[in-house]
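This report concerns only the one structure given below.
The values are calculated or read from the model by the stated rules, or taken from the named source; none is laboratory data. Given the structure is predicted, the values throughout are model-derived calculations rather than measurements. When we count neighbours, we look across all protein chains shown, and the Cβ atoms used for this are built from the backbone with ideal geometry, even at glycine.
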Amino acid sequence: MTHPQAILFDWDNTLIDGWAAIESGLNAAFAAFGKPAWTREQVLANVRKSLRDSFPEHFGSEWERARDIFYDAVQASHLDVIRPLPASLPMLDSLTHLPLGVVSNKQGKLLRAEAAHLGWAPRFGALVGAGDAVADKPSGAPLHMALRQMGLSAGPHIWYVGDTAIDMQAARAAGCVAVLLGDAAHDGGIAACAPDLAFADGVQLAGHLHTLDK
């Protein structure tokens, strides 16, 4: 495996923990429609697709009303509850020599607000969220959009790092190397996600890259 020329990252559960706001938003929408609330474990196990792909499955023709309820709840709390995952900052600090970007299935406006709130926006050449490209992950379209913004093109010289099978599918759809971070216990495990590379956390990923450098 050659050293990547650039790395794109997923956001939630890859670089940051923002599940409290997502759980709050989902349960506000579920409550409005008389649906049972989800536990954190259910949220982790089921939130993969972007809202525009998943909400019609849950709410049918009223999905746009549910969307508005969800976003109102998320926007009320998300900047207060997001936290970087423990290995994220050491990893990002060790990768400043590489072009970095983010591709998330979180709404683009929310993603960029969170990156700005953390002071991380300058670290990334692109911050592409759900709704920004013609399709969301598992399509490769948002990865291609991010790379265009960074003046790059897809290929085996680009890594896409995420925590779910949908992330690995998006990487392959874009023609990039699919890199799993974590054990994917919330998504069927590593084998089910079928990554090209897998690392326990960001520190291990960074250590592997330094080995390649040498």
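Laid out as a table, the results:
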{"item": "Residue satisfying condition, being in a helix (DSSP H, G or I), farther than 15 Å from ILE7 by Cα and in contact with a Ser or Thr (Cβ under 8 Å, 6 or more places away or on another chain), within set ALA173, ALA133", "result": "ALA173"}
{"item": "Test result for ARG123, modelled with pLDDT of 95 or more, over 15 Å from ASP12 (Cα atoms) and touching a helix residue (DSSP H, G or I) at 6+ places or on another chain (Cβ under 9 Å)", "result": "yes"}
{"item": "Number of the exception - GLN204 against (1) within 15 Å of the chain's Cα centre (by Cα); (2) not in a loop (DSSP other than H, G, I, E, B)", "result": "(1)"}
{"item": "Test: residue in segment 83-100 that is in a helix (DSSP H, G or I), touching a residue at least 24 places away in the same chain (Cβ under 8 Å) and farther than 26 Å from MET150 by Cα", "result": "no"}
{"item": "Contacts under 7 angstrom Cβ, first residue in segment 11-36 being closer than 27 Å to ALA146 by Cα, partner of a type in the set (Lys, Arg) and not in a helix (DSSP H, G or I), 6 or more apart", "result": "TRP11/LYS106; ASP12/LYS106; ILE16/ARG83; ASP17/ARG83"}
{"item": "Subset tally (residues that are surrounded by 13 or more Cβ atoms within 10 Å (Cβ to Cβ), among the β-branched types (Val, Ile, Thr) and not in a helix (DSSP H, G or I)) for segment 37-76", "result": "1"}
{"item": "Hey, GLY108 within 20 Å of ASP167 (Cα to Cα) and in the same structural domain as GLY175 (by TED's automatic domain parsing) or not", "result": "yes"}
{"item": "Verdict on LYS106 being in a strand (DSSP E or B), modelled with pLDDT under 95 and either basic (Lys, Arg) or over 30 Å from HIS157 (Cα atoms) (or both)", "result": "yes"}
{"item": "Residue under evaluation GLU114, criteria (1) out of contact with any helix residue (DSSP H, G or I) (no Cβ under 8 Å at 6 or more places or on another chain); (2) part of a helix (DSSP H, G or I); (3) touching a residue at least 60 places away in the same chain (Cβ under 8 Å); (4) not small (Gly, Ala, Ser), criterion not met", "result": "(1)"}
